[in-house]
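Beneath this line is the structure, given in C-alpha cells, with notes to follow.
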Amino acid sequence: MSTKSNLWGVLAQYENPHAIYKACEQVRDAGYEQWDACVPFPVHGLDKAMGLKASKLPWIVLTMGIFGSAFMVLFESWAMGSAYPIIVGGKPLFSLPAFVPVWYEATVLFSCVTAFFSNWILNGLPRPHHPAFGSKAFERVTDDKFFIMVEATDPKFDLEKTKALLQGAGATLVEELEP
Amino acid sequence: MITGTADTLPDDPKIRGDVVLPDPTHGREALVRGTHDFHSITEMVCRVNEAPLKATPKPFLFGLALAASLLAMFGGYIGYLLWEGPGIWGNNNPVGWAWDIVNFVFWVGIGHAGTLISAILYLFRQKWRTSINRYAEAMTIFAVIAASSCVALHTGRVWMDYYLFPLPNQMGLWPNFRSPLEWDVFAVNTYFLVSLLFWFTGLVPDFATLRDRATVRWRQVFYGALSLGWRGSMRHWVTYEKAYQILAAFSAPLVLSVHTIVSFDFAVSQLPGWHTTIFPPYFVAGAVFSGFAMVQTLMIPARHWLGLKDLVTAKHIENINKIILVTGSLVGYAYAMEFFVAAYSGNDYEGFTFLNRMGGPYWWAYWTMISCNVLTPQLFWFRKIRTSATWSFVLAFFVNIGMWFERFVITVTSLHRDALVSSWDYFVPVTEIFYLLGTFGLFFTLFLLFIRFFPVIAISEVKSVMPQANPHWEGYEHGEHHAAATASAGGH
C-alpha cells in the first residue's frame with residue numbers, strides 16, 4: 001500500500017497512441033486492477049491492451065427497447081380498442097398495421113433514451129471533480145496527450161515500483177495525485 | 001492511408017483545401033490536409049469558439065443581428081397569428097393546407113441530411129463524415145425546431161396542441177393512433193429528441209476540450225457543466241462508443257421512417273396526386289437531396305470564414321455533390337414515375353391532376369421545381385463543377401429553392417382542383433412570406449450561436465481518423481527502431 005497518507009494515485013503522461021498502447025499492455029500484464037487510461041479519442045484496440053471487458057450497455061438497451069416496444073403496442077391496442085373504442089376509417093378496433101408507425105417510433109425512443117442515460121450512468125458521469133483534474137499536465141488529455149493513472153488502493157500499488165513501471169513504459173512525466 | 005500527391009499541396013491553408021487532387025491509384029486521400037498533429041487540429045477548431053466576445057468578427061455580428069431581427073419579427077407574427085387565427089393566411093376551401101405544411105415538410109426534409117451523415121455514413125464507415133457531421137447534426141436539430149414551429153402553429157387553436165400527445169385528459173379520450181397525423185407527431189418528436197441526444201453525446205468530449213483550454217471563468221463554468229466532467233477515460237470510451245453506435249444504428253432507420261411517415265400524411269389520404277405508393281421512397285430521397293443542399297449552403301461559407309479548409313476539403317464538397325446528384329436523379333425519376341403511373345392507371349382524376357400540375361394555373365411552380373431539382377444537379381456530372389466551391393454553393397442554392405417548390409407543388413396543386421369544378425379555387429399567399437422568413441430567422445439565429453459557442457467540428461472524431469491515431473501506424477514502428485525523440489522515449 002501507499003507510503004504517503006494523502007495519496008490518491010500516480011499519473012503518467014505519454015506522447016502518442018503507440019506509446020500508451022505499449023504502456024497499457026505492461027500495466028495490464030503487471031496485474032493492476034484499479035487503473036485507467038485517459039485519451040483524447042478512443043485509441044483503436046486500447047481496450048484490449050488494457051484488458052477491458054465489453055460494455056454492458058447493449059443489454060440494458062435491448063431490455064428497455066423490448067419493454068418500450070411491448071408497452072406501446074399494448075397501450076395503443078388498449079387505448080383504441082378498450083379504453084374508448086371508436087371505429088375510425090372503417091378499421092377494426094384492433095388494427096395492428098395502423099399501429100406500426102407509433103409502435104416503431106416508441107421502440108426507437110425508449111432504446112435511444114436508455115442508451116443515452118445508461119452511457120452516463122454506467123460511466124459515473126456527471127462527475128464535476130476528479131483527482132486527475134488537480135494536475136496541470138492533465139489539461140492536455142482532451143487535446144493531444146495520453147495518460148495512465150494507477151490508484152493507490154490497488155493491491156499491487158507500491159509508489160516506487162509503480163512509478164518505475166510507468167516510467168519504464170515510456171512516460172514523459174510522472175506525477176503523484178492527491179484526492 | 002496512402003497519398004502520393006500530398007507533397008504537391010501548397011503551404012497556404014487558405015487555398016490548400018480547395019486543391020482538387022487526382023484520385024489516388026490505391027488507398028484513399030488523406031482526410032486532413034497539411035501537416036497537422038493532434039494539437040493543431042484542436043487549435044484550428046477551438047480558435048473559432050475561443051475568440052473573446054468583444055473580438056467577435058463584425059460580419060458575424062451583422063449576420064446574427066439580421067437573423068435575430070427576423071426571429072423577433074417571427075415572434076410578433078406568431079402573436080398576430082394567435083390573435084387572429086389562420087385567417088391571416090391565404091388558405092381557402094379546398095386549399096386547406098398551404099405554406100404551413102409546405103414549410104414544415106421543407107424544414108423536416110432538410111434535417112435528414114444531418115442524420116444521414118451522422119448515422120448512415122457512420123455505420124458504413126465513411127470516415128470523411130467526421131469533419132462535417134457536427135454542423136450537419138446541428139442543422140438537423142435547428143431545422144426540426146423550425147419545422148415544429150410550423151406544424152405546431154398551423155393547428156388553429158394552438159392552445160389545444162396538447163391533444164396531439166397521449167396525455168390522460170378530462171374526456172378519457174386518447175389520440176387516434178390509426179391516423180397518419182398522429183404518426184407524424186411521434187415521428188417528428190422522436191426524431192428531434194434522438195437527434196438531440198445523439199448530438200449532445202458527440203459534443204461532450206469536445207466540450208471537455210474547450211473546458212480544459214478555458215482561461216475565463218464563464219467559459220470554465222459553461223463548458224465544465226456541459227462536459228459533465230468528461231476526462232477521456234478509456235473505460236468510459238468503451239461504453240460511450242457502444243452508446244454512440246447504438247444511437248447511430250437507431251437513427252439510421254429513423255431517417256428513413258420519419259420522412260416516410262411525413263409522406264403518409266399525404267399518401268394515406270384519397271386525394272389524386274397524393275395517394276401514391278411511390279411517396280415514401282420519393283420523399284426520403286427528396287429529403288436527403290434538400291438536406292445535403294442545405295449542408296453545402298451552410299458549409300461552404302463556414303469553412304471559408306472559419307478557416308477550416310484543411311478539414312473540409314474539395315473532396316468533401318465533391319462527395320456531398322455526388323450524393324446530391326444521386327438523390328436528385330432519384331427525385332427526377334420519381335417525378336417521371338408519377339406521370340407514368342397516372343397515365344398507366346387510366347384514372348381520369350389522376351391523369352388530370354398531373355397534367356394540371358404541368359400546365360395548370362401553377363405551371364410556374366412545377367417548372368421551377370423541375371429546373372431546380374432535376375436539371376441543376378445534372379451539372380454535377382462534371383468534375384470541374386462538383387469540386388468547385390463556388391459552383392456547388394450556387395447550385396445547392398437552386399436545389400434549396402427547388403425543394404421548397406416541390407412541397408408547394410405537391411401540397412397546393414393537388415388540392416386546388418377539387419373533385420367538383422364548383423369547388424375549384426386558386427391559392428394566393430397573404431402574410432405567409434413572413435412565416436417562412438421567420439423560420440429562417442429562427443434557424444439562422446440558432447445556427448450562428450452554435451457556430452460561435454460550440455465546436456463546429458467533431459474534434460475527437462477527426463483525430464481518431466488521422467493516420468497517427470492508429471497505435472500501429474508505420475511512423476511509430478519506424479520511430480521505435482530508430483529511437484525517435486517523440487515516440488516512447490524510455491523505450492523497451
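The values are calculated or read from the model by the stated rules, or taken from the named source; none is laboratory data. Please read these numbers as outputs of a predicted model, since none were measured by experiment. Neighbour counts run over all protein chains shown; Cβ positions are idealised from the backbone, glycine included.
If we keep just the residues of the stretch B:83-133 that are surrounded by fewer than 16 Cβ atoms within 10 Å (Cβ to Cβ) and among the hydrophobic types (A, V, I, L, M, F, W, C), which is nearest to B:N319 (Cα to Cα)? Among those residues, the one meeting the criterion is B:F124.
Given the criteria within 20 Å of the chain's Cα centre (by Cα) and part of a loop (DSSP other than H, G, I, E, B), does B:R125 qualify? Considered against the rule, which asks whether it is within 20 Å of the chain's Cα centre (by Cα) and part of a loop (DSSP other than H, G, I, E, B), B:R125 comes out as yes. When B:G156 is tested against (1) touching a Cys at 6+ places or on another chain (Cβ under 9 Å); (2) on the phi > 0 side of the Ramachandran plot, only condition (1) is not met. Evaluate the stretch B:247-270: report whether one residue or more is aliphatic (A, V, I, L, M) and closer than 20 Å to A:F41 by Cα. Scanning the stretch B:247-270 turns up at least one residue that is aliphatic (A, V, I, L, M) and closer than 20 Å to A:F41 by Cα.
All conditions in (1) surrounded by 12 or more Cβ atoms within 10 Å (Cβ to Cβ); (2) assigned to a helix (DSSP H, G or I); (3) β-branched (V, I, T) hold for B:V19, with the sole exception of (2). Looking only at residues in the stretch A:114-145 that are more than 7 Å from chain B (Cβ to nearest Cβ) and among the basic types (K, R), the one that is farthest from the chain's Cα centre (by Cα) is A:K136. When residues in the stretch B:416-457 are screened for being farther than 30 Å from B:L61 by Cα and either surrounded by fewer than 22 Cβ atoms within 10 Å (Cβ to Cβ) or under 17 Å from the mean Cα position of the chain (by Cα) (or both), 13 of them pass.
If you go through the stretch B:183-199 and keep only what is hydrophobic (A, V, I, L, M, F, W, C) and farther than 18 Å from A:F110 by Cβ, you end up with just B:W199. Based on what the data block shows, is B:V238 part of a helix (DSSP H, G or I) and more than 7 Å from chain A (Cβ to nearest Cβ)? For B:V238, the condition - part of a helix (DSSP H, G or I) and more than 7 Å from chain A (Cβ to nearest Cβ) - is not met. Just one residue in the set B:F207, B:F186, B:F192 is modelled with pLDDT of 90 or more, under 26 Å from the mean Cα position of the chain (by Cα) and over 25 Å from B:F450 (Cα atoms); that residue is B:F186. Test A:G90 against the stated conditions and say whether it is more than 9 Å from every other protein chain (Cβ to nearest Cβ) and either part of a helix (DSSP H, G or I) or among the small types (G, A, S) (or both). Against the criterion (more than 9 Å from every other protein chain (Cβ to nearest Cβ) and either part of a helix (DSSP H, G or I) or among the small types (G, A, S) (or both)), A:G90 qualifies. Kindly indicate whether any position in the stretch B:185-196 is under 24 Å from B:G114 (Cβ atoms), among the small types (G, A, S) and surrounded by 15 or more Cβ atoms within 10 Å (Cβ to Cβ). Looking through the stretch B:185-196, at least one residue is under 24 Å from B:G114 (Cβ atoms), among the small types (G, A, S) and surrounded by 15 or more Cβ atoms within 10 Å (Cβ to Cβ).
Please go through the stretch B:311-324 and give me each residue that is more than 19 Å from B:H112 (Cα to Cα) and crowded, with 23+ Cβ neighbours inside 10 Å, ordered by number. Result: B:L311, B:V312, B:T313. Within the stretch A:41-87, being under 13 Å from B:W237 (Cβ atoms) and at the interface with chain B (Cβ under 7 Å from one of its Cβ atoms) holds for A:F41, A:P42, A:V43, A:H44, A:G45, A:L46, A:D47, A:M50, A:L52, A:S55, A:L57. Within the stretch A:133-151, the residues that satisfy the criterion of being surrounded by 22 or more Cβ atoms within 10 Å (Cβ to Cβ) and not β-branched (V, I, T) are A:F138, A:K145, A:F146, A:F147, A:M149. Could you tell me whether B:A243 is within 9 Å of another protein chain (Cβ to nearest Cβ) and free of Cβ contacts under 8 Å to residues at least 40 places away in the same chain? Taking the combined requirement at face value, the residue does not satisfy it.
Only residues that are within 8 Å of chain A (Cβ to nearest Cβ) and assigned to a loop (DSSP other than H, G, I, E, B) were counted across the stretch B:202-232, and they come to 5. Taking the stretch B:371-389 as the range and being over 16 Å from B:N319 (Cβ atoms) and touching a residue at least 60 places away in the same chain (Cβ under 8 Å) as the test, only B:N373 passes.
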